[in-house]
Structure formats: structure tokens, C-alpha cells
Amino acid sequence: MPDQRTRQRATGGVTQGSRTALIRYVLAATAARTADAGAPVAFVLLAISPASGMGNPGLAAGILAACLTAPHLLGPLLGRRLDLARDGRKVIAVACLLYGLAVAASAVFTVRQAPLWVVGAFLVLAGTMGPLLTGGLSSRLAAIVRSGQRSQRRAQGWDASTYGLAGAVGPAAVAALSAAASPLVSALALAGAALLASILTMTFPTAPSSVDEQEPAVPRIGQILRIIAATGPLRRTAYVSMAVAMPGAMISISALGLTSDRGDSAVLIAAFGLGSLAGSLAVVIFPLKGQAENLVIGLAAAAGAGFVASALFPASAYGVAVFGIAGVLNSLLLTATLASRTDYAPKNAAAQVFIWMAALKVAIASLGTATAGFMVSTDARLPLLAGGALAIGAALVAAAERRHGQRRQDPSGKT
């Protein structure tokens with residue numbers, strides 16, 4: 001009869017206990033991120049619905065969406081609390097709970113025609129919790145599964161799939177529920193998903209605290225950016241992933257202008273989304289191998305090329321295939337960046353590093369969306385061409401910097 005070690009090798013280093021914990025993690029992360037992805041759409045629909053009684057529905061919709069998304073940049077303020085916590089599960093569970101309650105309250109106040117500032121205040125609270133539902137949850141994953149590159153990379157693939165699935169299911173579920181029932185029902189369903197995530201989070205196995213008497217003190221917020229800047233692999237991962245986030249945010253807007261038929265545009269957007277989901281599932285089956293930083297640089301260059309190609313073949317069957325491939329590459333890059341953060345972030349600052357880097361990507365993605373809006377009026381191909389070139393350029397700079405760093409150690413002692 002095979003012993004425990006043999007069984008672990010046969011399952012890629014994953015025991016039955018860690019496998020069930022990973023399943024609970026995937027369910028919790030999918031529920032939380034579905035709520036986070038769908039909420040902006042739900043409140044746009046709520047604002048423009050007759051039940052809201054908004055005097056200027058378009059302006060109100062924009063304000064409410066901004067109240068949800070802009071506070072994600074405040075996430076790093078909460079990251080240190082997660083690193084300091086003796087039980088990080090409680091911090092994330094409370095964040096999911098507050099997110100769900102705030103979304104539910106905002107939705108009810110909207111249909112009761114409360115002042116816009118009241119609704120916005122609750123949404124700011126929800127938006128502030130958002131980074132703990134994304135980067136905060138991801139920072140806990142390494143402690144849930146067994147150590148070892150193969151099992152960690154497979155788990156990171158599952159984590160990436162929750163982002164892709166939530167990004168597709170959240171807005172689609174909101175649209176379907178709003179059509180079948182009402183925008184209020186869709187918002188309350190998202191609140192329920194966040195509350196479910198809160199419950200599931202408390203079923204995770206307890207993980208060792210990052211607070212250790214033998215470890216350096218948990219860095220303060222201002223120190224995290226210096227740590228990222230001084231640690232070569234983290235620095236390069238940060239600016240490369242930010243560069244790719246720009247065209248990643250542009251692609252849906254560009255797709256709307258690349259063809260005159262809205263149905264064709266929808267097919268292109270769907271191809272990118274399905275490609276992203278397929279890519280994340282692929283790395284679950286075939287985990288990424290090699291140094292995380294090398295994977296980030298190589299996949300960033302490939303993703304940049306995919307975005308450029310997406311601009312060149314829009315109105316054909318090739319366009320659908322290219323958009324799908326771009327989605328696959330973008331998803332593989334996300335998995336690689338998660339691996340890089342896990343491998344190179346200091347143990348006593350892992351949550352803050354995850355959340356800071358996620359917040360920087362949100363900021364750049366928002367800039368990308370705005371920039372694409374201006375560019376498409378001139379030529380819908382420009383956002384993808386410029387964004388793809390930016391991603392390729394960042395990857396080349398990172399590769400050159402890494403080669404230089406191999407000759408001379410950077411201040412962190414990593415190259």
C-alpha cells in the first residue's frame with residue numbers, strides 16, 4: 001500500500017485536506033470577486049432605472065460607479081492590518097461582510113430615492129473593502145495549499161480562473177437578473193454572494209501569522225512602495241503588469257469600434273473573455289514551470305504582441321481567434337504575476353505587496369479605459385496598437401534590467 005509521501009507525489013503534492021481547502025478557497029474567491037465585478041454594473045442599472053428617481057441618471061450612474069471603483073486605491077491602507085492579524089481569515093471575512101451589507105444598503109436606499117450622497121457613502125465603504133476581496137484573498141492562498149512549486153502554481157491557476165470567471169459571470173448575472181426581475185434584485189444577489197464569501201472564508205485552515213518575533217516588524221504603508229522598488233523581481237513585475245493592464249482595459253472599448261456591427265463586437269469581447277478563462281484553466285492542468293519573473297517578462301511580451309495582432313485582424317474569423325489567443329496570454333500572465341508576488345514578497349508584508357500591486361493595476365486600468373475612450377474616436381485600432389507596444393516595451397526594459405542586475409546585485413540581494 002503506498003505511503004503518504006507516495007500519494008502526495010501522485011497528486012502533485014496536494015493532500016486531501018489541502019485539496020478541500022483549495023475548493024473552499026475557489027468558491028469563496030469566486031463569490032467575492034463576482035460581487036466586486038458585478039456591482040458597478042448593478043448600480044449603473046439602478047441609477048438609470050425609473051425606481052431611483054434620479055434627476056440626471058447618467059451623471060448619477062457615473063458617480064455611483066466611481067464611488068465603487070475609486071476607493072480600491074485605498075486598499076493598501078487595509079493591507080497592513082491583514083499582515084498584522086493573528087488570524088487573517090477574520091479580516092477578510094469582515095471585509096466581505098461589510099462589502100455585502102454596504103451593497104445591500106446602497107441598493108435599498110437607491111430605490112427609496114435617498115440622497116445621492118447617502119448611497120455614495122455606502123458604496124465608498126464597499127469599494128474600500130474591494131481590495132481585500134481581490135489581492136487580500138490571493139495573499140492567503142500560499143498558506144492554504146502545500147508548499148512546492150507545482151502545487152502552488154496549480155493553485156495560482158485556480159486563483160486566476162476566479163478572476164476570469166467573476167469578470168464574466170458578475171456583469172452577465174446582473175444583466176440577466178435585472179431583465180428577469182429588477183436591478184435591485186441583482187444588487188441584493190451580489191450582496192448575498194459577498195456574505196457567502198464571508199462564511200466560506202472562515203472555513204479556511206488557520207495559517208501561521210506573518211507576525212513573528214524572529215521576523216522584522218511588519219512594514220508601514222509608506223515602506224511597501226520602497227520594498228517593491230528595491231526588490232528587483234517585484235519592481236519588474238509591478239511595472240510590466242501595469243503596462244499590460246493598460247491594453248487589457250482598452251480591448252473591450254476598442255472592440256466596439258473595430259467593427260460596425262455590435263454583434264461582431266460582442267463576439268470579439270466574448271472571445272477575449274473565453275480565452276482568459278481557458279488560459280487560467282489550462283494552467284490548473286499544466287502548471288507554469290520556471291522562474292516566476294522570467295515567466296512574467298516572456299508572457300508580457302507575448303500578451304503585448306497579442307494585443308497588437310488583435311488590432312490588425314478585427315473583422316474576420318482570424319479576429320475571433322486572435323482575440324481568444326490574446327485572452328489566453330493575458331490570463332497566463334495574471335497567473336505568472338500571482339506567482340511572482342508569492343515568490344518574492346517578504347513574508348511579513350505579503351498582503352500589503354499583493355494589495356499595493358493590485359491597486360496600482362486598477363489605477364492604470366482606469367487610465368487605460370479613459371485613454372481608449374479618447375483614442376477610438378480617431379481610430380479604434382490605436383488603443384490596442386499603442387497599448388501592445390507599451391507592453392512589449394516594458395517587457396524588453398525588464399529583460400534588459402534583469403540582465404544588468406545579474407552582473408550587479410540590486411539592494412534587495414535579488415536580481
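Derivation of every value follows stated rules applied to the coordinates shown; laboratory data play no part. Since this is a predicted model, take the numbers as computed values, not measurements. Because the Cβ atoms are built from the backbone with ideal geometry, glycine has one as well, and the counts that use them run over all protein chains shown.
Structure above, values below:
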{"read-out": "Neighbour cut-off at most 14 other Cβ (10 Å), DSSP loop, trypsin sites (Lys or Arg not before Pro), the range 68-97", "value": "86"}
{"read-out": "Cβ-based exposure ranking for 235, 19, in which fewest neighbours within 10 Å come first", "value": "19, 235"}
{"read-out": "Gaussian network model of the chain, Cα within-10 Å springs - most flexible of 61, 372, 317", "value": "317"}
{"read-out": "Computed over the range 15-207: relative contact order in percent, which uses C-alpha pairs under 8 Å that are six or more apart", "value": "42"}
{"read-out": "Pair residue 294, residue 172: separation of 7 Å Cα→Cβ label points (nm)", "value": "3.7"}
{"read-out": "Within the chain: Cβ-based charge dipole about Cα centre, in debye rounded to nearest 20 (Lys, Arg +1; Asp, Glu -1)", "value": "1120"}
{"read-out": "Candidates 356, 158, 117: whichever shows maximal mean-square fluctuation once the chain is modelled as a Gaussian network with Cα springs under 10 Å", "value": "117"}
{"read-out": "Of the trypsin sites (Lys or Arg not before Pro) in the range 265-359, those whose Cβ has at most 10 other Cβ within 10 Å and which sit in DSSP loop", "value": "289"}
{"read-out": "Separation of alpha-carbon centers, the range 59-135 and the range 318-334, rounded to whole Å", "value": "31"}
{"read-out": "Shape of the range 279-389, Cα gyration tensor, a/c cut at 1.5", "value": "oblate"}
{"read-out": "Those residues of the range 87-113 whose amide nitrogen sits under 18 Å from the label point placed on residue 202, 7 Å along Cα→Cβ", "value": "87-102"}
{"read-out": "Computed E for residue 226/residue 149 - FRET, C-beta separation, R0 35 angstrom, nearest 0.05", "value": "0.80"}
{"read-out": "Relative contact order for the chain, counting Cα pairs under 8 Å that sit 6 or more residues apart, in percent", "value": "23"}
{"read-out": "Cleavage-rule hits (trypsin sites (Lys or Arg not before Pro)) in the range 93-162: DSSP loop, at most 15 neighbouring Cβ within 10 angstrom", "value": "112"}
{"read-out": "Gained length - residue 374 relative to residue 267, 0.36 nm times residue gap less alpha-carbon distance", "value": "36.2 nm"}
{"read-out": "10 Å binning of all Cα-Cα separations within the chain, expressed as whole percents from 0 upward", "value": "5, 22, 32, 27, 12, 2, 0, 0"}
{"read-out": "FRET efficiency estimate (nearest 0.05) - Cβ-Cβ, residue 285 to residue 114, R0 45 angstrom", "value": "0.40"}
